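The values are calculated or read from the model by the stated rules, or taken from the named source; none is laboratory data. Here the structure is a predicted model, which means the values were calculated and not measured. For neighbour counting, all protein chains shown are included, and Cβ atoms are generated from backbone atoms with ideal geometry for every residue, glycine included.
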Amino acid sequence: MIVKRVELNDYRNYGRLLVDFSRGINVLCGDNAQGKTNLLESVYFGSVGRSPRTPRDKELIKKGCDRGKIKLTQEDRGGENTVEIYLDRTENKRVAINGMPISRMGELMGVIAAVYFSPDEMRIIKDAPGDRRRFMDIALCRMSKAYFYLLGRYNKILAQRNRLLKSGRATDDVLDVWDAQLAAEGAKIVKTRRGYVERLGAYANEAHGYLTDGKEGLILEYEGFAGEDADEIEKNFSAELMRNRERDKALCFTSCGVQKDDIAVKIGDVDVRAYGSQGQQRTAALSFKLAETELHYAQSGEYPALLLDDVLSELDPFRQRKLIERSKRYQTIITCTHLPAEISSALGEFALYSVRGGTVEKTGKL
Ligand SMILES: Nc1ncnc2c1ncn2[C@@H]1O[C@H](COP(=O)(O)OP(=O)(O)OP(=O)(O)O)[C@@H](O)[C@H]1O
Ligand SMILES: [Mg+2]
């Protein structure tokens with residue numbers, strides 16, 4: 001899949017913008033604060049309906065404007081499709097696919113396939129478990145609408161259970177009902193995520209070996225309720241809920257569940273989350289993302305677009321070259337403030353765009 005065209009209206013620092021991207025590598029070059037990240041963000045927003053930078057959609061509307069719009073045109077084996085997102089200061093966002101409004105955000109998943117990587121994402125390895133869970137959930141939601149709705153159901157049940165605990169009216173009878181539902185939906189989530197981490201782990205190991213010239217391998221393990229199948233996971237989850245019940249009543253919230261799970265990241269027997277060097281953590285984060293693109297390809301037969309925001313400057317020259325070489329498999333959109341000759345020559349053929357003060361000009365195909 002490739003992103004052919006991005007059209008923005010009153011989005012971030014853009015008034016009106018229309019950019020056509022090339023199939024291979026696209027380089028967005030410009031000084032600080034000109035709109036490079038904003039443009040990549042709009043592509044990612046069209047992909048998952050969520051900005052990688054903020055949970056508040058209203059921040060995306062150009063200052064001083066009441067509404068904004070993103071329109072993306074993609075092309076895959078099936079032909080062309082468009083995604084339009086309308087942002088409004090006073091209403092929730094509205095989305096249309098091929099001109100038809102959608103009522104559930106799940107419908108958006110999978111139309112624009114994009115993997116976003118920035119210095120912020122490099123922290124995914126050392127950050128709190130929540131970031132790794134979000135990574136996994138977003139990837140799974142994009143691959144499966146069923147997972148998107150499953151996660152929604154689980155979160156709703158969890159919120160209702162927490163409200164009940166806070167109300168002080170949590171009797172064992174009522175908790176039995178909520179716990180059964182929570183464990184049943186939670187078990188499906190664990191099973192799906194564990195399968196995902198297993199498949200992702202194989203690709204991440206391959207990518208990490210590639211980026212480090214075979215010096216290091218990466219092992220990923222899902223950390224959550226044990227169990228071979230959903231039934232067994234459900235039993236373990238139920239038992240844990242029961243064990244924690246009195247404590248949950250006292251604390252007024254649910255202290256166990258899939259909302260606490262994590263991915264263990266190891267190089268050999270070293271836990272990279274706690275003990276990895278910064279370079280190892282960055283490389284491992286990049287391996288996650290490259291693995292995500294491969295997994296997407298294995299599932300759909302199409303590569304997602306790879307969005308690399310300011311990433312090259314964070315890597316040593318060897319890893320920069322390896323990443324550039326790898327990027328040639330995908331449609332890649334890279335941002336940078338300047339383009340050193342050695343990077344330019346490693347890129348080979350690419351489309352170059354100059355980003356300045358909310359305008360984007362194609363300055364050539366090199
Ligand atoms: N809602 C908004 N309305 C208007 N301008 C905005 C809005 N949100 C962000 N901006 C501005 O957009 C400008 C460009 O931001 P962006 O993050 O895209 O820069 P960049 O080109 O990626 O720069 P850098 O190289 O520093 O990363 C910034 O000056 C920022 O203040
Ligand atoms: Mg930026």
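When each of 201, 209, 227 is tested for being on the phi > 0 side of the Ramachandran plot and either free of Cβ contacts under 8 Å to residues at least 40 places away in the same chain or not hydrophobic (A, V, I, L, M, F, W, C) (or both), the lone residue that passes is 227.
Among all positions in the range 314-335, there is no residue which is modelled with pLDDT under 90, part of a helix (DSSP H, G or I), closer than 20 Å to residue 206 by Cα and within 20 Å of the chain's Cα centre (by Cα).
Checking every residue in the range 155-167 against the condition of being surrounded by fewer than 17 Cβ atoms within 10 Å (Cβ to Cβ) and under 22 Å from the mean Cα position of the chain (by Cα) gives at least one match.
Just one of (1) surrounded by 21 or more Cβ atoms within 10 Å (Cβ to Cβ); (2) more than 23 Å from residue 144 (Cα to Cα) fails for residue 31. It is (1).
To keep it simple, each residue is scored yes or no on (1) within 20 Å of residue 21 (Cβ to Cβ); (2) at pLDDT below 95.
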residue	(1), (2)
41	yes, no
48	yes, yes
56	no, no
64	no, no
77	yes, yes
81	yes, no
96	no, no
109	no, yes
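Does residue 87 qualify as being at pLDDT below 95, of a type in the set (A, V, I, L, M) and more than 16 Å from ligand 2 (Cβ to nearest atom)? So residue 87 does not fit the description; no. Close Cβ contacts (under 9 Å, 6 or more residues apart or on different chains) running from residues in the range 35-47 that are farther than 11 Å from residue 85 by Cα and in contact (Cβ under 8 Å) with a residue 24 or more places away in the chain to residues that are assigned to a helix (DSSP H, G or I) and within 13 Å of ligand 2 (Cβ to nearest atom) are absent.
Conditions (1) surrounded by 14 or more Cβ atoms within 10 Å (Cβ to Cβ); (2) within 25 Å of residue 278 (Cβ to Cβ), marked per residue:
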{"site": "300", "(1), (2)": "yes, no"}
{"site": "303", "(1), (2)": "yes, no"}
{"site": "313", "(1), (2)": "no, yes"}
{"site": "323", "(1), (2)": "yes, yes"}
{"site": "326", "(1), (2)": "yes, yes"}
{"site": "341", "(1), (2)": "no, no"}
{"site": "347", "(1), (2)": "yes, no"}
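Scanning the range 59-75 for residues that are surrounded by fewer than 22 Cβ atoms within 10 Å (Cβ to Cβ), near ligand 1 (Cβ under 8 Å from one of its atoms) and under 17 Å from residue 48 (Cα atoms) returns a single hit, 59.
Selection of the range 311-366 for residues being among the acidic types (Asp, Glu), more than 16 Å from ligand 1 (Cβ to nearest atom) and in contact with a strand residue (DSSP E or B) (Cβ under 8 Å, 6 or more places away or on another chain) yields only 349. Taken over the range 29-48, residues that are under 23 Å from residue 139 (Cβ atoms) and in contact with a strand residue (DSSP E or B) (Cβ under 7 Å, 6 or more places away or on another chain) amount to 9.
Scanning the range 7-26 for residues that are among the hydrophobic types (A, V, I, L, M, F, W, C) and within 13 Å of ligand 1 (Cβ to nearest atom) gives 8, 17. For the range 302-331, how many residues are within 16 Å of ligand 2 (Cβ to nearest atom) and not hydrophobic (A, V, I, L, M, F, W, C)? The number of residues fulfilling the criteria is 4. On the stretch given as the range 18-50, residues that are within 14 Å of ligand 2 (Cβ to nearest atom), within 22 Å of the chain's Cα centre (by Cα) and among the polar types (S, T, N, Q) total 3.
Taken together, 268, 257, 279, 217 contain a single residue that is more than 18 Å from the chain's Cα centre (by Cα), away from ligand 1 (no atom under 16 Å from the Cβ) and in contact (Cβ under 8 Å) with a residue 60 or more places away in the chain, which is 257.
Out of the residues in the range 37-58 that are near ligand 1 (Cβ under 10 Å from one of its atoms) and among the charged types (D, E, K, R), state the one that is surrounded by the fewest Cβ atoms within 10 Å (Cβ to Cβ). Only one residue tops the list, namely 58. Inside the range 133-157, residues that are touching a Phe, Trp or Tyr at 6+ places or on another chain (Cβ under 9 Å) and hydrophobic (A, V, I, L, M, F, W, C) make up a count of 7. Considering only the range 102-112, I want to know if a residue exists there that is touching a Leu at 6+ places or on another chain (Cβ under 6 Å), away from ligand 2 (no atom under 16 Å from the Cβ), of a type in the set (A, V, I, L, M, F, W, C) and under 23 Å from residue 308 (Cβ atoms). Among the residues of the range 102-112, at least one is touching a Leu at 6+ places or on another chain (Cβ under 6 Å), away from ligand 2 (no atom under 16 Å from the Cβ), of a type in the set (A, V, I, L, M, F, W, C) and under 23 Å from residue 308 (Cβ atoms), which makes the answer yes.
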